[in-house]
Amino acid sequence: KRTLIPIGAGYATSTLERFAQAAAQRDTSGTVYLLVLPITFATDAYTISSKERKENLTLADTRRGQVETACNAVKRATQTCRAVLAPILVRNDAYLQSNLDLFTADLDGMYILGGDQTVAMRVVADTPTEQRMTTAYNAGVVVSGNSAGAAVESANMIAGYIGNNGPENGFQQGSVDLWLNGGVSDQERGLIFGLPNALLDQHVLQRGRIARLINAAWSTSLLGVGADADTGAAIENEAVLTDVSGRSAAFVADAKTYASTGRYAGPTNSLAIRNVATHVIPSGGYGYDLIGRQPLVNGSAQAAPAITGRSFSSVRLPSGYGALLLGGDISGDKGGPVADRFVAQSGGTGARIVVLTTGYAKSSVAQSDAKAYAAAFQTKVSAPVQWFVLDSRANQAAIQSAINGATGVFLTAPDQSRVFAALNSAAPVVSTLRSAWQRGTTLLADNAAAAALSQLTTADPPSADSTALEEDSIVDFRPDGVDIRSGLAFVSGLAVEPRMVFDRHWGKLYNLVARDRSLLGLGIDVGTAVEITAAGATIYGNNTAVVLDGRYASFAVGSNGALGARYVLLDSFVAGDRLAP
């Protein structure tokens with residue numbers, strides 16, 4: 001059988017051992033022969049200095065040693081392990097006979113190191129080395145690799161982002177660099193023997209690449225398959241993903257099963273797509289049939305549930321209530337389209353606006369923000385905008401009086417771990433706010449305040465820095481990795497996460513719908529809001545809102561503690577869209 005084992009990132013022992021185990025099972029000579037390929041390492045695919053060559057080969061040999069150590073840990077007592085470094089760093093190396101001679105008949109596994117997948121393909125595409133790799137793979141030699149070494153394992157390859165785009169731009173048209181397979185002579189593709197029916201992505205949860213994967217899958221009509229960091233998944237005969245190993249999970253985005261429809265629109269030309277079937281695949285008997293497009297449980301295919309009649313009609317307010325705008329964080333665009341909509345719903349230039357900031361670590365920052373929001377709104381209205389910091393020193397009676405005289409209230413909080421304590425300690429103000437809104441006052445709840453006003457949300461603090469963000473994004477896909485709280489339920493039926501794409505809150509939202517399948521998970525990105533009225537819900541602002549619908553889904557917990565999910569439906573929306581599947 002033919003076996004690919006893409007690994008999302010890293011050289012975790014568990015993933016290297018999974019590769020070595022598969023190679024050891026193939027061995028018939030008594031020596032498990034593994035070839036380690038540093039084809040991703042060079043800064044330039046065509047030229048390299050002797051200094052860089054020496055440095056790269058030194059590091060690559062360290063990785064070779066890790067692969068050999070992993071093999072020694074899983075081999076049979078009668079076997080020995082031999083991991084050899086193939087010194088192929090630039091394209092000329094891919095033609096050297098001494099390197100080609102390493103691809104012998106007793107080869108059991110090839111491991112492609114992490115680095116830059118675009119360099120890798122310019123090094124080996126349409127060379128004798130790729131021909132030898134193809135022959136070996138077709139003969140049953142196991143192929144694995146991490147990060148860039150996983151990306152090359154699909155014939156159509158995600159090369160990265162274009163320009164300065166990143167995870168926060170993942171839904172935007174033209175943000176993803178796709179190297180589509182144009183045949184053997186094409187150097188801008190993945191390995192010629194790689195998966196023909198799917199795009200592979202890596203670091204998929206860790207680096208918030210779900211939007212990118214969906215975007216790429218939609219634009220190519222291919223299945224999107226991602227492996228997370230320190231996680232590998234065996235794919236047999238280009239047909240069955242099985243035996244996820246390591247720390248986290250694999251992720252599948254399928255735009256075919258439910259005949260997804262989509263378009264690029266809105267201020268950032270982002271993908272608005274409906275009915276994407278998504279699957280989170282942890283370790284422990286879970287897998288995916290790439291041909292039948294069905295998740296597997298202990299090898300048994302799980303048929304797609306019928307979704308006829310799917311509706312978001314419950315997302316509406318009773319008649320007479322003021323508009324409720326749930327913002328994903330407009331702090332970077334205080335006077336932008338969300339603010340314009342809020343002021344318009346509050347009465348336009350004649351609106352009487354109150355600004356409330358709450359749940360801050362420092363009162364001085366809360367005060368500064370309150371002033372800044374008030375100044376932004378003041379340019380749009382005639383009456384003076386009142387602002388207050390809602391903390392332990394606040395004059396709650398004065399705030400209640402201001403709310404009762406307002407036509408629009410803006411409530412913002414920056415930290416989901418602090419907002420509940422802040423609001424619970426100001427129960428009279430919250431009660432007054434709720435009553436005013438029920439009488440017709442417009443309410444814009446932004447960032448953590450939007451989360452707090454939903455039925456269910458998470459209460460974890462913001463990530464401290466980019467390193468913590470990556471770690472948090474993995475942990476968020478563990479049911480024991482998120483702090484789930486009941487919200488104030490100003491609106492029922494919704495579990496809300498702000499800063500959705502920007503702060504990679506994907507795992508939080510999947511865990512929320514897993515906790516209560518009856519709720520719609522609503523992820524709202526920065527600069528964006530979802531307005532709910534008696535007529536339904538509409539999107540405003542610059543970016544996207546995402547709905548995760550778990551009402552037809554099945555959930556589990558993998559043997560490694562990661563969340564498992566099957567048939568969670570995903571819809572994305574841009575400005576002007578009604579919230580409807």
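Rounded to whole Hz and in sequence order, give me ³J(HN,Hα) for segment 163-170 from the Karplus expression 6.51 cos²θ - 1.76 cosθ + 1.60, θ = phi - 60°, writing x for Gly and Pro.
x, 8, 5, x, x, 5, 9, x
To the nearest 20 debye, what charge dipole does segment 490-581 have about its Cα centre, counting +1 at the Cβ of each Lys and Arg and -1 at the Cβ of each Asp and Glu? Please report the intermediate quantities before stating the final value.
Values: 8 positive and 8 negative charges, 59 e Å.
About 280 debye.
Which whole-number percentage describes the relative contact order of segment 165-324, with Cα contacts under 8 Å and a sequence gap of 6 or more?
Working: 293 pairs, mean separation 27.2, N = 160.
Taking the mean separation of contacting Cα pairs over the length of segment 165-324, I get 17 percent.
Between Leu59 and Thr31, what length comes free when the chain is fully extended (0.36 nm per residue of separation minus the Cα-Cα distance, one decimal in nm)?
So the extension gain works out to 7.6 nm.
Among DSSP beta bridges whose residues both lie in segment 324-549, state the antiparallel percentage, nearest 5.
Approximately 40 percent, going by the DSSP bridge assignments.
Show me, for segment 520-527, the HN-Hα J-couplings you get by feeding each phi into the Karplus relation (A = 6.51, B = -1.76, C = 1.60, θ = phi - 60°), rounded to Hz, glycine and proline as x.
8, x, 10, x, 10, 8, 4, x
Picking from Ser492, Gln367, Gly405, whose Cα lies most toward the positive end of the charge dipole for segment 324-549 (charges on Cβ: Lys, Arg +1; Asp, Glu -1)?
The residue sitting most towards the positive pole is Gly405.
To the nearest 20 Debye, how big is the dipole of the chain about its Cα centre, given +1 on the beta carbon of each Lys and Arg and -1 on that of each Asp and Glu?
1280 debye
Can you list the residues, at least 5 places off or on another chain, whose amide H is less than 5 Å from the amide H of Val84, using H built in the peptide plane?
For Val84, the qualifying residues are Leu34, Leu35, Val36.
Just want the answer: with Cβ charges of +1 for Lys and Arg and -1 for Asp and Glu, which residue in Ile330, Thr379, Ser175 is farthest toward the dipole's positive end in the chain?
Ranked along the dipole, the leading option is Thr379.
Using only the alpha carbons of segment 259-320, determine the length spanned along each of the three principal axes and report them from longest to shortest in whole angstroms.
51, 31, 22
Calculated FRET efficiency, Gln396 and Ser314, Cβ-Cβ r, R0 35 Å, to nearest 0.05? Present the calculation step by step, with values, prior to reporting the outcome.
Values: r = 33 Å, r/R0 = 0.95.
Result of the calculation: an efficiency of 0.60.
Report ³J(HN,Hα) in whole Hz for each residue of segment 260-272, in order, from the Karplus equation J = 6.51 cos²θ - 1.76 cosθ + 1.60 where θ = phi - 60°; Gly and Pro get x.
Working through the residues one at a time gives 4, 10, x, 7, 9, 7, x, x, 9, 6, 9, 6, 9 Hz.
Please get the size of the charge dipole for segment 324-549, origin at its Cα centre, with Cβ charges of +1 on Lys and Arg and -1 on Asp and Glu, quoted in debye to the nearest 20.
Here the size comes out at about 880 debye.
What relative contact order, as a whole-number percentage, does the chain give when Cα pairs under 8 Å and 6 or more residues apart are counted?
It rounds to 13 percent for the chain.
Once the Cα atoms of helix 363-378 and of the chain are each reduced to a long axis, what angle between those two axes, in degrees from 0 to 90 to the nearest 10, is obtained?
70 degrees
What is the angle, in °, between the Cα long axis of helix 506-515 and the longest principal axis of the Cα atoms in the chain? Nearest 10 is fine, range 0 to 90.
For helix 506-515, the angle is close to 70 degrees.
For segment 324-549, just run the numbers: alpha carbon Rg, then divide by 2.2 N^0.38 Å, N being how many residues it has.
0.95
Using 1/(1 + (r/R0)^6) with R0 = 56 angstrom and r between the beta carbons of Asp516 and Ala77, what's the FRET efficiency to the nearest 0.05?
Working: r = 50 Å, r/R0 = 0.90.
E(calc), rounded to 0.05, equals 0.65.
Share of Cα-Cα pairs in segment 143-212 beyond 14 Å, in percent?
57 percent
Among [x] 1.05; [y] 0.99; [z] 0.94, which is the computed Rg/Rh (Cα atoms, Kirkwood Rh)?
[x]
Compute the acute angle (0 to 90°) between the alpha-carbon long axis of helix 210-220 and the principal axis of greatest extent of the alpha-carbon atoms of the chain; round to the nearest 10°.
Between helix and principal axis, roughly 70 degrees.
For the chain, what is the percent of antiparallel DSSP beta bridges, rounded to the nearest 5?
About 55 percent, rounded to the nearest 5.
Once amide H atoms are placed 1.01 Å from N in the peptide plane, what residues at a sequence separation of 5 or more from Ser559, or on another chain, have their amide H within under 5 Å of its amide H?
Under 5 Å from the amide H of Ser559: Ser283, Gly284.
As a footprinting exposure proxy, order Cys71, Cys81 by other Cβ within 10 Å, with the fewest listed first.
Cys81, Cys71
Under the classification rounded if a/c is under 1.5, otherwise prolate if a/b is larger than b/c and oblate if not, where does segment 415-549 fall, given a ≥ b ≥ c as square roots of the Cα gyration tensor eigenvalues? Numbers along the way, then the final one.
Numbers: a/c = 1.68, a/b = 1.42, b/c = 1.19.
Here segment 415-549 falls in the prolate category.
In terms of modelled amide H atoms, which long-range or inter-chain residues lie less than 5 Å from the amide H of Thr31?
Thr80
Run through every distinct alpha carbon pair of segment 3-248 and return the Kirkwood hydrodynamic radius in angstroms, one decimal place. Intermediate values should be presented prior to the final figure.
Values: mean 1/r = 0.0566 Å⁻¹.
After inverting the pairwise mean of 1/r, the radius is 17.7 Å.
Which semi-axis lengths, in whole Å and largest first, follow from the square roots of five times the eigenvalues of the Cα gyration tensor of segment 192-320?
Semi-axes from the Cα gyration tensor: 28, 18, 15 Å.
Computed from the coordinates by the stated procedures, all read-outs in this text should not be read as laboratory data. Owing to the predicted nature of the structure, the values given are computational and were not obtained by experimental measurement. Positions of Cβ are backbone-derived with ideal geometry, glycine not excepted, and every protein chain shown enters the neighbour counts.
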